[in-house]
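The values are calculated or read from the model by the stated rules, or taken from the named source; none is laboratory data. Just so we're clear, the structure is a prediction, and the values are computed from it rather than from any experiment. For neighbour counting, all protein chains shown are included, and Cβ atoms are generated from backbone atoms with ideal geometry for every residue, glycine included. Ligands, DNA and RNA are excluded from the accessible area calculation, which covers all protein heavy atoms including side chains. Shrake-Rupley method; radii C 1.70, N 1.55, O 1.52, S 1.80 Å.
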Amino acid sequence: MRIEYEIVEVDQPAWEIIGGGLSAFNTQQAGDDNGKNLCFVVKNPDGEIVGGVIGATYWDWLYINLMWIKEELRAQGYGKQLLGLAEEKAREHGAKHAFLDTFSFQAPDFYKKLGYEVFGELQDFPQGHQRYFLKKKL
């Protein structure tokens with residue numbers, strides 16, 4: 001007798017179940033990823049966060065998930081310092097490479113100046129712009 005399964009839309013994603021299942025499968029196929037999250041922030045004198053970087057290391061790679069600096073603080077070296085700290089922490093975690101993605105209207109040239117190279121591109125994402133995927137050997 002065949003069991004019938006139902007596919008339904010839900011309002012709250014089942015991150016723990018789906019992510020946990022995928023993580024278990026990945027570990028089974030490729031071994032423990034030794035995943036570690038990292039985060040560095042820039043604070044003003046009042047303690048307000050005005051920028052930061054969020055990433056993770058796994059399988060000897062650093063992934064830069066998010067990086068942002070308040071507009072009036074850009075081009076003052078904070079982004080370079082944040083990325084440098086993330087890369088340094090990633091090396092401590094055993095990472096040998098880094099990757100990230102950015103849009104054409106964000107900071108592809110910033111990353112290129114710091115040694116990242118484009119390995120992929122999506123045209124018109126969003127319309128009239130590109131999404132770039134970059135990597136770097138640490």
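Restricting the stretch 1-40 to residues that are over 20 Å from the mean Cα position of the chain (by Cα) and of a type in the set (Phe, Trp, Tyr), the residue that is nearest to ALA86 (Cα to Cα) is PHE25. Is it the case that GLY120 is among the small types (Gly, Ala, Ser) and out of contact with any Phe, Trp or Tyr (no Cβ under 6 Å at 6 or more places or on another chain)? Considered against the rule, which asks whether it is among the small types (Gly, Ala, Ser) and out of contact with any Phe, Trp or Tyr (no Cβ under 6 Å at 6 or more places or on another chain), GLY120 comes out as no.
A quick yes/no check of all residues on (1) open to solvent by less than 60 Å² (accessible area, probe 1.4 Å); (2) more than 14 Å from LEU114 (Cα to Cα); (3) more than 14 Å from the chain's Cα centre (by Cα); (4) of a type in the set (Phe, Trp, Tyr):
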{"position": "VAL42", "(1), (2), (3), (4)": "yes, yes, yes, no"}
{"position": "THR57", "(1), (2), (3), (4)": "yes, yes, no, no"}
{"position": "TYR63", "(1), (2), (3), (4)": "yes, yes, no, yes"}
{"position": "LEU66", "(1), (2), (3), (4)": "no, yes, no, no"}
{"position": "GLN76", "(1), (2), (3), (4)": "no, yes, yes, no"}
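Inside the stretch 29-40, residues that are touching a Leu at 6+ places or on another chain (Cβ under 9 Å) and open to solvent by less than 50 Å² (accessible area, probe 1.4 Å) make up a count of 1. Cβ separations smaller than 8 Å between residues 6+ apart or across chains give the following pairs from the stretch 93-115 residues that are within 27 Å of GLN127 (Cβ to Cβ) to residues that are part of a loop (DSSP other than H, G, I, E, B) and open to solvent by 30 Å² or more (accessible area, probe 1.4 Å): PHE103/PHE125; PHE103/PRO126; PHE103/HIS129; SER104/HIS129; PHE105/HIS129. Scanning the stretch 89-103 for residues that are of a type in the set (Asp, Glu) and open to solvent by less than 60 Å² (accessible area, probe 1.4 Å) gives a single hit, ASP101.
Considering only residues of the stretch 104-131 that are open to solvent by less than 40 Å² (accessible area, probe 1.4 Å) and of a type in the set (Phe, Trp, Tyr), which is nearest to TYR78 (Cα to Cα)? Among them, the one singled out is TYR111.
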